[in-house]
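Just below is one structure, and these are the notes that go with it.
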Amino acid sequence: MTPFVMKTTLIVATLALLAGSAQAQEGTAEGLVAGMERADMTYRELMEVMGGASGLMHEGILRQNPQMVKSGANIILTHPAPSHDPWAIMAEEDQAGFKSSLVAFDKLLDEYSESTAAAASERDWPAASQALQELNTACVSCHAMWKDKVK
């Protein structure tokens, strides 16, 4: 197994354990979405915006520009909900698991975005790069779990 696959497997296993506690601590996917502004975009379009934000953070790290990193992180930290319930993209039998993932991954995206921006503000570029790598690994892990189940 490659290091990436091992790390992804560990993240997925950790998320499975956290999913129940994440819902208990931070509410449900319905509560998460209800607390957000609704955007006039689909879930796919929202993911494209989030990918662009990650790219902005990456470019900010390469240019050693803390403001670019902060701007990208802010997009992720304040992202709206799509115009529809995100779990509606899944078949009925996959919706409960996807809802748990939404809650758990939202917390991870916030944590890694904040860590990346904090390290960039300190001009600790290796730490910013590492935190962004963690963010990207979380994104890829979620996509690996769910992309083939979208209806």
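Brief remarks follow.
- With a cut-off of 20 Å on the backbone N, the residues of the stretch 45-67 near the modelled label site 7 Å out from Val140 along Cα-Cβ are 47-62.
- Estimated FRET transfer efficiency (Ala88, Arg123; beta-carbon r; R0 41 Å; 0.05): 0.45
- Distant-in-sequence amide H partners of Met90 (H built 1.01 Å from N, under 5 Å): Lys151
- Surface calculation, 1.4 Å probe, protein heavy atoms: Asp148 sits at approximately 120 Å² accessible.
- At full extension, Asp110 and Gln130 could sit 5.7 nm farther apart than now, given 0.36 nm per residue minus the alpha carbon distance.
- Long-range amide H partners of Ala39 with built H, under 5 Å: Ala81, Ser83
- Label-to-label distance for Thr42 and Thr28 is 2.6 nm, based on points extended 7 Å past Cα in the beta-carbon direction.
The values are calculated or read from the model by the stated rules, or taken from the named source; none is laboratory data. Keep in mind it's a predicted model, so treat the numbers as computed, not measured. Backbone-built Cβ (ideal geometry, glycine too); neighbour counts: all protein chains shown. Side chains are part of the model used for accessible areas, which takes the heavy atoms of the whole protein and leaves out ligands, DNA and RNA. Shrake-Rupley method; radii C 1.70, N 1.55, O 1.52, S 1.80 Å.
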